[in-house]
Amino acid sequence: MILRQSNQDRGFTLVELLAVITTIAILAALLLPVLGKAKIKAQRANCQSNLHQLGLAWEMYHIDNNGRLVESYPVNNKNAWILGDMRSPTEAENPDLIRQGKLFPYNANVSLYRCPTDKGVEVDGRRLNTVRSYAMNSFMGARDPALGYIPRSADGYMMFFAKDSEIRRPAETWVLLDEDERSINDGFFVTDPTAHVWVDFPAISQHRHNYSFALNFADGHSEVWQHSDSRTRSLNSNQTEQSGNLDLRRLARATSAPK
């Protein structure tokens, strides 16, 4: 008597296995872009939330100080919103310099100062795990007028905003943004209001939420801006001239105000 193997006991054939593997590969190919986009959105949301919370600290500071804005100018200034240079090996990884900043008492959370996608700064072949990714608009906060206009091209604009009441368009004037690892140093982000030169530049890379950056505004809201000018992606150093760059013009318009 010959016993036949039932269909229940029969294993997969090679053809069936290949069909399953092919199906899984197709599903993975379809799902990976979706998962990638979801990851980017989550990273943007995290970075935007950080800046929103720092913006609330900025607002509470000037409420507590009769409208006087926290200072952004960093040189020999213990009244600055933040201390520390992210290109200095002795300062870039030191969270105590964040704690010494004037905004820290309003939200005592060191992690808020760093974008989750920030890979750190490379200095002399060494990667520094920087504690800060964000910088403040250089026009925010008073400084010694004897220092002159920063940058020099800003002589047709407000030298700085000393009080919140001086900001004419708070919903259109940014306070803090996510700065690129190749640009960041101190917490003082300088923008050419005439939009000819990238003095400093915001996050511009694939890993920093797909060529976009977060920023918050003087009225308290925050946004994520996507770069649209193809020339922007070629940036790799400060003081780069790119007259007519649409991304630079957009940032410049939101930085200061004509006199």
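Would you confirm, using the coordinates I've provided, whether Phe201 is modelled with pLDDT of 95 or more, in contact with a Leu (Cβ under 9 Å, 6 or more places away or on another chain) and within 24 Å of Pro89 (Cβ to Cβ)? Considered against the rule, which asks whether it is modelled with pLDDT of 95 or more, in contact with a Leu (Cβ under 9 Å, 6 or more places away or on another chain) and within 24 Å of Pro89 (Cβ to Cβ), Phe201 comes out as yes.
What are the residues in segment 222-241 that are more than 18 Å from the chain's Cα centre (by Cα), within 17 Å of Glu179 (Cβ to Cβ) and of a type outside the set (Ser, Thr, Tyr), if any? The answer is Gln239, and nothing else. Exactly one residue out of Asp200, Asp229 is closer than 24 Å to Leu54 by Cα and charged (D, E, K, R): that is Asp200.
Among the residues of segment 190-239, those that are over 21 Å from Met158 (Cα atoms) and among the charged types (D, E, K, R) comprise Arg208, Glu223, Asp229, Arg231, Arg233. Of everything in segment 70-123 that is buried (at least 17 other Cβ atoms within 10 Å of the Cβ) and in a strand (DSSP E or B), the residue that is modelled with the lowest pLDDT is Val121. Of the residues making up segment 116-140, those that are touching a Leu at 6+ places or on another chain (Cβ under 9 Å) and not small (Gly, Ala, Ser) are Val121, Glu122, Val131, Arg132, Tyr134, Met136, Asn137, Met140. When Arg233, Arg182 are screened for being farther than 21 Å from Val75 by Cβ and not in a helix (DSSP H, G or I), only Arg182 passes. Residue pairs whose Cβ atoms lie under 6 Å apart, separated by 6 or more positions or on different chains, with the first residue in segment 136-154 and within 24 Å of Lys102 (Cα to Cα) and the second surrounded by fewer than 16 Cβ atoms within 10 Å (Cβ to Cβ), are Tyr149/Asp155. Candidates Asp200, Asp247: the one that is touching a Phe, Trp or Tyr at 6+ places or on another chain (Cβ under 6 Å) and either of a type in the set (A, V, I, L, M, F, W, C) or touching a residue at least 12 places away in the same chain (Cβ under 8 Å) (or both) is Asp200. Note on segment 124-173: among residues that are in a helix (DSSP H, G or I) and acidic (Asp, Glu), the one that is surrounded by the most Cβ atoms within 10 Å (Cβ to Cβ) is Asp164. What number of residues in segment 199-230 are in a loop (DSSP other than H, G, I, E, B) and within 19 Å of Gly187 (Cα to Cα)? Count: 7.
The values are calculated or read from the model by the stated rules, or taken from the named source; none is laboratory data. These figures come from a predicted structure and were not determined experimentally. Because the Cβ atoms are built from the backbone with ideal geometry, glycine has one as well, and the counts that use them run over all protein chains shown.
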